[in-house]
1. Can you find even one residue in the stretch 70-91 that is in contact with a helix residue (DSSP H, G or I) (Cβ under 6 Å, 6 or more places away or on another chain) and either more than 25 Å from residue 213 (Cα to Cα) or not assigned by TED's automatic domain parsing to the domain that holds residue 35 (or both)?
2. Out of 98, 153, which single residue is under 26 Å from residue 56 (Cα atoms) and either surrounded by fewer than 12 Cβ atoms within 10 Å (Cβ to Cβ) or at pLDDT 95 or above (or both)?
3. Taking the stretch 118-144, which residues are farther than 22 Å from residue 86 by Cα and either surrounded by 14 or more Cβ atoms within 10 Å (Cβ to Cβ) or not assigned by TED's automatic domain parsing to the domain that holds residue 40 (or both)?
4. (1) modelled with pLDDT under 80; (2) closer than 20 Å to residue 215 by Cα; (3) assigned to a helix (DSSP H, G or I): which one isn't true of residue 248, the others all being true?
5. Output the residues belonging to the stretch 15-29 that are over 15 Å from residue 169 (Cβ atoms) and at pLDDT below 85.
6. How many of the residues in the stretch 260-271 are under 11 Å from residue 243 (Cα atoms) and at pLDDT below 85?
7. Working only within the stretch 225-235, note down all residues that are at pLDDT below 90 and either surrounded by 22 or more Cβ atoms within 10 Å (Cβ to Cβ) or outside any loop (DSSP other than H, G, I, E, B) (or both).
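The values are calculated or read from the model by the stated rules, or taken from the named source; none is laboratory data. Remember, it's a predicted structure, so these values are computed and weren't measured experimentally. Here Cβ is always computed from backbone atoms with ideal geometry, including for glycine, and neighbour counts include all displayed protein chains.
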């Protein structure tokens with residue numbers, strides 16, 4: 001008898017959240033955003049799961065926001081308020097599609113002032129504050145159906161899917177929010193989520209979240225992690241014991257900040273510089 005070999009089931013493809021991406025990141029902060037949009041039906045479960053991980057918001061709360069609209073105010077975890085709010089505005093009949101965006105601390109403070117002064121909902125005040133930071137070109141295009149895009153020039157598969165159903169305004173356009181970390185030997189290692197990042201470096205998810213949200217340094221086995229927040233996004237490098245020791249020597253010699261000393265160590269290391277150049281080329 002002959003055994004019939006069964007074909008292995010194809011690996012599940014990760015969800016594709018966006019099929020239209022436009023760059024407005026050169027505009028003055030905090031309106032330096034990427035417009036990440038999707039035509040066709042929204043997969044709320046996949047959308048909610050990935051946005052939940054990206055913005056460190058409980059999945060149940062994110063799903064509720066995507067279905068009902070509203071705003072999520074980040075809880076204050078210390079004496080200083082370090083994070084603002086996430087907001088979702090549902091699609092309007094004949095108007096704009098579903099919109100999601102993030103307010104920084106200053107924008108959130110302005111939102112609260114506007115809400116209290118004029119009796120608005122938090123969501124409406126958040127949209128007014130956020131909208132006026134966007135570039136004039138983007139403000140005008142948001143008033144047009146499908147951002148005024150000529151569908152005849154779109155890929156046919158994208159155009160056939162229909163109208164734009166949602167727009168995420170992001171500082172990072174990556175559909176799956178990959179993070180790359182430069183290791184001491186110059187390797188670039190990519191992680192797909194905060195749990196993956198924490199496991200790679202042998203730290204807790206809470207430690208990883210704090211580092212990626214606030215920046216700074218965190219001592220780990222065999223060295224230290226350093227994270228700089230650039231345009232609202234974390235840039236991470238790991239240094240070994242020898243590199244960390246040299247950075248601390250520079251702090252003692254020059255009286256500089258540890259982050260500056262680590263940057264100097266990294267810039268003087270050929271392997272790490274090659275990795276940094278690769279990272280810059282891949283993001284350009």
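1. The answer is no, given that none of the residues of the stretch 70-91 is in contact with a helix residue (DSSP H, G or I) (Cβ under 6 Å, 6 or more places away or on another chain) and either more than 25 Å from residue 213 (Cα to Cα) or not assigned by TED's automatic domain parsing to the domain that holds residue 35 (or both).
2. Numbers: 153 fails: under 26 Å from residue 56 (Cα atoms).
Of 98, 153, the one residue that is under 26 Å from residue 56 (Cα atoms) and either surrounded by fewer than 12 Cβ atoms within 10 Å (Cβ to Cβ) or at pLDDT 95 or above (or both) is 98.
3. Residue satisfying the conditions is 141 alone.
4. So residue 248 meets the others, but not (1).
5. The answer is 15, 16.
6. Taking the stretch 260-271 first, the residues under 11 Å from residue 243 (Cα atoms) are 261-266, 268-269.
Narrowing further to those that are at pLDDT below 85: none.
Number of matching residues: 0.
7. So in the stretch 225-235, the residues at pLDDT below 90 come out as 228-235.
Within the stretch 225-235, 228, 229, 230, 233, 234, 235 qualify.
Let's see how each residue does on (1) at pLDDT 95 or above; (2) under 23 Å from residue 28 (Cβ atoms); (3) more than 21 Å from the chain's Cα centre (by Cα):
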position: 79; (1), (2), (3): no, no, yes
position: 92; (1), (2), (3): no, no, yes
position: 104; (1), (2), (3): no, yes, no
position: 110; (1), (2), (3): yes, yes, yes
position: 135; (1), (2), (3): yes, yes, no
